Amino acid sequence: MASTNNPELPTFHHLNNSQSQRILWFLEELGIEYNLVCHTRVESRAPSELKNVHFMGKAPVLVTSDNMPIAESSAILGYLIDTYDKEGKFTAEDHVRDESLTSFAGSSIGTIGMIELIFDVVAEKSPWPLSILLGGVKSNVHNNFTGPEYATQFEYLEKELTDEWFNGKNLGRSDVMLSWPMDLLAAKKYVDFEKYPKILQWRKKVQEREAWKRSIEKGNGYDLENM
């Protein structure tokens, strides 16, 4: 439940059409009060005003109630769970496995997705006939590099999803972290999710959660298809 301008509450700086949506979702899952500041992309980039919040000028950023800015999704999630999950609702059932999947979301599958997105954006924004040439390069990158990587990564995740959630019986940090790369790959159609029924069902369960729906309503846009 978002509040506004209360210095005693944590403040979340959110950017539209970005991975910070997963943090906004988790704040709603926690059910805590927080200040919400929504920032809007400028020519597909984070606005300069975010430099006033954190040196890197990126989102998400959570500013704690004692005015400490925390960047990086996994670090923010770790802080939120340690600080506010008093009942252990989102505690990892297997800490080593949870850490592995959380890191996988940010480094392995997240990195490959961003590589393809960069090629996509550059090809789309380049003038003709350069856009045609870059489009061919993008196709080669997908067919020979990112596509095969996705296949391996998704086979791994499909096998890892042995319970209702990646965390186990309850939603956890690894689920929240994985939501962003999954959303990006689905929106851009980089991966055919129909080939991975357990992951497909997992995504549906995420989007059916009331906290997820509230986070979409409170944010300022989550259009990854056209980002």
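Counting pairs of alpha carbon atoms under 8 Å apart in space and at least six apart in sequence, what relative contact order in percent does the chain give?
After rounding, I find 25 percent.
Between ARG41 and ASN16, the built amide H atoms are under 5 Å apart, and every one of these is 5 or more places off in sequence or on another chain. Taking the Cα centre of the range 95-209 as origin and assigning +1 to Lys and Arg Cβ atoms and -1 to Asp and Glu Cβ atoms, the resulting dipole is close to 180 debye. Taking the inverse of the mean reciprocal distance over all distinct Cα pairs, the Kirkwood hydrodynamic radius of the range 1-62 comes to 11.9 Å.
Less than 5 angstrom separates the built amide H of VAL61 from those of HIS13, all sequence-distant by 5 or more or on a different chain. Among the listed values (1) 18.0, 58; (2) 24.4, 71; (3) 19.8, 69, the one matching Rg and Dmax of the Cα atoms in Å as calculated from this structure is (1).
Dipole magnitude for the range 1-140: computed about the Cα centre from +1 point charges on Lys and Arg Cβ and -1 point charges on Asp and Glu Cβ, it is near 660 debye. Summing Cβ point charges (Lys, Arg +1; Asp, Glu -1) relative to the Cα centre of the range 70-118 gives a dipole of roughly 80 debye.
In terms of surrounding Cβ atoms within a 10 Å radius of their Cβ, THR111, THR91, THR102, THR11 rank from fewest to most as THR111, THR91, THR11, THR102. Checking every one of the GluC sites (Glu not before Pro) in the range 159-227 against DSSP loop status and a limit of 15 other Cβ atoms within 10 Å picks out GLU164, GLU225. Using the Cβ-Cβ distance between ASP223 and GLU93 with R0 = 30 Å, the FRET efficiency computed as 1/(1 + (r/R0)^6) comes to roughly 0.30.
Among LEU134, LEU117, LEU185, the residue with the largest mean-square fluctuation in a Gaussian network model of the chain, with springs joining Cα atoms closer than 10 Å, is LEU134. With the convex hull drawn around the C-alpha atoms of the range 95-209, the volume per residue stands at 97 Å³. Rounded to a whole number, what is D in µm²/s for the range 56-95 from Stokes-Einstein with the Kirkwood radius over alpha-carbon pairs (25 °C, 0.890 mPa s)? It comes out at roughly 219 µm²/s. Let me have the 222 nm mean residue ellipticity of the chain computed from DSSP H runs of 4+ only, each contributing -39500 (n - 2.57), with the sum over all residues rounded to the nearest 500. One gets -16000 deg cm²/dmol as the mean residue ellipticity at 222 nm.
Of SER179, SER108, SER73, the residue with the greatest mean-square motion in the GNM of the chain, using alpha carbon springs below 10 Å, is SER108.
The DSSP beta bridges internal to the chain are antiparallel in roughly 55% of cases.
FYI, it's all coordinate maths here, none of it is from the lab. Just so we're clear, the structure is a prediction, and the values are computed from it rather than from any experiment. All Cβ positions, glycine included, derive from the backbone under ideal geometry; neighbour counts span all protein chains shown.
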